[in-house]
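Each remark here refers to the structure printed beneath this line.
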Protein chains: 2
Amino acid sequence: MTNFAPFAHMLADSSGAVIRSYFRTPMPVDYKTDESPVTIADREAESAIRQLIEEIYPDHGIIGEEFPSIREDAEYCWIIDPIDGTKSFMIGRPIFGTLIALMRNKTPILGIIDQPIAGERWCGGDGVQATLNGAPISSRQCPQISSAMLCTTARELFNESDGRAYDRVKERVKYYNYGGDCYNYGLVASGTVDIVIEAGLKAHDFCALAPVIIAAGGVCTDWEGKAIDFYSDGRMLACGDKELHAEVLKLL
Amino acid sequence: MTNFAPFAHMLADSSGAVIRSYFRTPMPVDYKTDESPVTIADREAESAIRQLIEEIYPDHGIIGEEFPSIREDAEYCWIIDPIDGTKSFMIGRPIFGTLIALMRNKTPILGIIDQPIAGERWCGGDGVQATLNGAPISSRQCPQISSAMLCTTARELFNESDGRAYDRVKERVKYYNYGGDCYNYGLVASGTVDIVIEAGLKAHDFCALAPVIIAAGGVCTDWEGKAIDFYSDGRMLACGDKELHAEVLKLL
């Protein structure tokens, strides 16, 4: 099978250059129908990625957060969130990320989480060693929930019953921490966070996260324990340790 | 009056070198009586700072988070939190910070917020231009609360009545965001965040924050609108815009 990782890195290089040029500069912000913000940096970063895919792999599909899908039923389809954590980007915190995934027949096989300001890039996939800036990484062993570090972006992003499920885990961990968006998943892959729980994620978010975590030796599923694919319901559970994943799954 | 800013930068250089050497490495964690974590990096970073003060200004006082106070009633007294946001440090997020303040007769006159991984250092004080990495900065005009970006580290850090006060502000802003610790105050000073509201801060946290924000043209007080000094109650309100500060103060 073709190794698409070098091309995925090219895509992240191109989006990163755009995003760095806008970071901490004043820029107009539009609001989508769900009130989420979008900036010119989101759109231009996604355009840069789309242009490269069209040039190099014109038969591949493209699904992105900011523009309509193209050839979405192609065998190989790229799925992109140019800035995951737009609010972090807008306030100037270097913990947002560009998410780039390659799906084969709607199953993600390769993912990149790129933080272009801090210069951090997690990558991993089927047959692709998990790396942070090119160096091999692995998730952390932490079988005991009472020793675990839990991250989620915001408690308010859960609905009522999902929030109660989250609280059941939160009450048992050693520490919890807020903020972070996709960056938290990178930290699971490189072994400094043990659990990330979120809900309401879109396919352009979660498709890039799962391959990185799995390649690093962790587990990334929905709240039922099912593998992540394009059709997952957006409730994510990522753990660095398999035993821990099983325990958290019971609590959710 | 002596300009102590160059010496404060020396202090931050010394703590930053220690912290970088431990970032994302496995290290033992101790727990203080309030269950907050402390690592060898916290202790060694504070020791590095203390040693320099003892060498260069042996008549100055030192108050730090990790060791007993020395000459705390001296006219000039340094007050230090070696790692504010220890949990962010432990999980490998580059948005914790080293806080270094100089007080004169218990009033903070100089502050540094140093992020040694991202390489970002905010500085400012009485007669000391607010800067980020040496470049002049100023806070952002945002008189309308409905346009404002609000940050706080975690909703859970408020007690019940303080939490309700926070919610009154949160309901009126354009956006809110969690996580960040001292980094949020740096972003107010450099103009990408409009409001930070927190409670329960200690003197070694808030003494460094207020001089930076005030020097950048913002306002930083307690929830009654009183200027920050060593005896403040730990409830902080930092705003980039004076009109916005007055409006938020009414809601709190």
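Can you say whether B:D194 is in contact with a strand residue (DSSP E or B) (Cβ under 8 Å, 6 or more places away or on another chain) and under 27 Å from A:K32 (Cβ atoms), as far as the supplied structure shows? It would help to see each step written out before you state the result.
Details: in contact with a strand residue (DSSP E or B) (Cβ under 8 Å, 6 or more places away or on another chain): yes; under 27 Å from A:K32 (Cβ atoms): yes.
When the stated conditions are applied, B:D194 passes them.
If the requirement is being touching a strand residue (DSSP E or B) at 6+ places or on another chain (Cβ under 6 Å) and farther than 16 Å from A:I53 by Cα, which of these qualifies: A:G97, A:G92?
Working: A:G92 fails: touching a strand residue (DSSP E or B) at 6+ places or on another chain (Cβ under 6 Å).
Only one candidate passes the filter, namely A:G97.
Would you point out the residue of region A:155-166, among those that are loosely packed, with under 15 Cβ neighbours inside 10 Å and either among the β-branched types (V, I, T) or more than 14 Å from every other protein chain (Cβ to nearest Cβ) (or both), that is nearest to the chain's Cα centre (by Cα)?
For region A:155-166, the residue satisfying everything is A:N159.
Considering only residues of region A:175-205 that are among the small types (G, A, S) and within 15 Å of B:K87 (Cα to Cα), which is modelled with the highest pLDDT? Please lay out each step first, then the result.
To start, the set of residues in region A:175-205 that are among the small types (G, A, S) comprises A:179-180, A:186, A:189-191, A:199-200, A:203.
Narrowing further to those that are within 15 Å of B:K87 (Cα to Cα): A:179-180, A:191.
Working: A:G179: 89, A:G180: 89, A:G191: 96.
Of everything passing the filter in region A:175-205, A:G191 is modelled with the highest pLDDT.
Restricting to region A:167-179, give me the number of residues that are more than 13 Å from every other protein chain (Cβ to nearest Cβ) and surrounded by fewer than 19 Cβ atoms within 10 Å (Cβ to Cβ). Step through it out loud before you land on a result.
Step one: of region A:167-179, the residues more than 13 Å from every other protein chain (Cβ to nearest Cβ) are A:168-169, A:172.
Subset that is surrounded by fewer than 19 Cβ atoms within 10 Å (Cβ to Cβ): A:168, A:172.
So the answer is 2.
Of B:Y31, B:Y76, which residue is modelled with pLDDT of 95 or more and surrounded by fewer than 22 Cβ atoms within 10 Å (Cβ to Cβ)?
Numbers: B:Y31 fails: modelled with pLDDT of 95 or more.
Criteria check complete, one pass: B:Y76.
In contact with an Asp or Glu (Cβ under 7 Å, 6 or more places away or on another chain) and buried (at least 23 other Cβ atoms within 10 Å of the Cβ): which single residue out of A:L244, A:L201 fits that description? Write out each step before concluding.
Working: A:L201 fails: in contact with an Asp or Glu (Cβ under 7 Å, 6 or more places away or on another chain).
Within the list A:L244, A:L201, the selection yields A:L244.
Among the residues of region A:194-230, count how many are over 22 Å from A:K170 (Cβ atoms) and within 14 Å of chain B (Cβ to nearest Cβ).
We begin by selecting, within region A:194-230, every residue over 22 Å from A:K170 (Cβ atoms); these are A:202-204, A:207-208, A:210-212, A:214-217, A:226-230.
From the residues that got through so far, the ones that are within 14 Å of chain B (Cβ to nearest Cβ) too are A:216.
Qualifying residue count, region A:194-230: 1.
Run A:Y231 past the list (1) surrounded by fewer than 24 Cβ atoms within 10 Å (Cβ to Cβ); (2) among the aromatic types (F, W, Y); (3) in contact with a strand residue (DSSP E or B) (Cβ under 6 Å, 6 or more places away or on another chain) and report the number of the one that doesn't hold.
(3)
Restricting to region A:1-33, name every residue that is in contact with a helix residue (DSSP H, G or I) (Cβ under 8 Å, 6 or more places away or on another chain) and in a loop (DSSP other than H, G, I, E, B).
Matches in region A:1-33: A:F23, A:M27, A:P28.
Within region A:191-242, track down each residue that is of a type in the set (K, R) and either closer than 27 Å to A:S146 by Cβ or in contact with a Lys or Arg (Cβ under 9 Å, 6 or more places away or on another chain) (or both). Walk me through how you get there before you give the answer.
Of the residues in region A:191-242, the ones of a type in the set (K, R) are A:202, A:226, A:235, A:242.
Within region A:191-242, A:K226, A:R235, A:K242 meet the criteria.
Could you tell me how many of the residues in region B:204-214 are crowded, with 24+ Cβ neighbours inside 10 Å and more than 24 Å from B:N159 (Cα to Cα)? Break it down stepwise before answering.
Here is the first cut: in region B:204-214, the ones crowded, with 24+ Cβ neighbours inside 10 Å are B:206-213.
Adding the requirement that they be more than 24 Å from B:N159 (Cα to Cα) leaves B:211-213.
Of the residues in that region, 3 qualify.
Strands (runs of 3 or more DSSP E) wholly in region A:155-239 with at least 3 residues that are among the aliphatic types (A, V, I, L, M) - which ones? Spell out the reasoning first.
Values: elements: A:175-177, A:195-198, A:219-222, A:236-239.
Counting at least 3 such residues, we get A:195-198, A:236-239.
List every residue pair whose Cβ atoms lie under 6 Å apart, where the two residues are 6 or more positions apart in sequence or sit on different chains, the first residue falls within region B:180-193 and is at the interface with chain A (Cβ under 8 Å from one of its Cβ atoms), and the second residue, located anywhere, is in a helix (DSSP H, G or I).
Hits for this filter: B:L187/A:I91; B:T192/A:I91; B:V193/A:I91; B:V193/B:N184; B:V193/B:L187.
Can you name the residue in region A:141-154 that is part of a loop (DSSP other than H, G, I, E, B) and buried (at least 24 other Cβ atoms within 10 Å of the Cβ) and is also nearest to the other protein chains (Cβ to nearest Cβ) among such residues? Full working, then the answer.
First, pick out the residues of region A:141-154 that are part of a loop (DSSP other than H, G, I, E, B): A:141-144, A:148, A:152-154.
Narrowing the set further to residues that are buried (at least 24 other Cβ atoms within 10 Å of the Cβ) leaves A:148, A:152-153.
On the way: A:A148: 11, A:T152: 9, A:T153: 7 Å.
My answer is A:T153.
The values are calculated or read from the model by the stated rules, or taken from the named source; none is laboratory data. Note that the structure is a prediction, hence the values are computed from the model and not measured. Neighbour counts run over all protein chains shown; Cβ positions are idealised from the backbone, glycine included.
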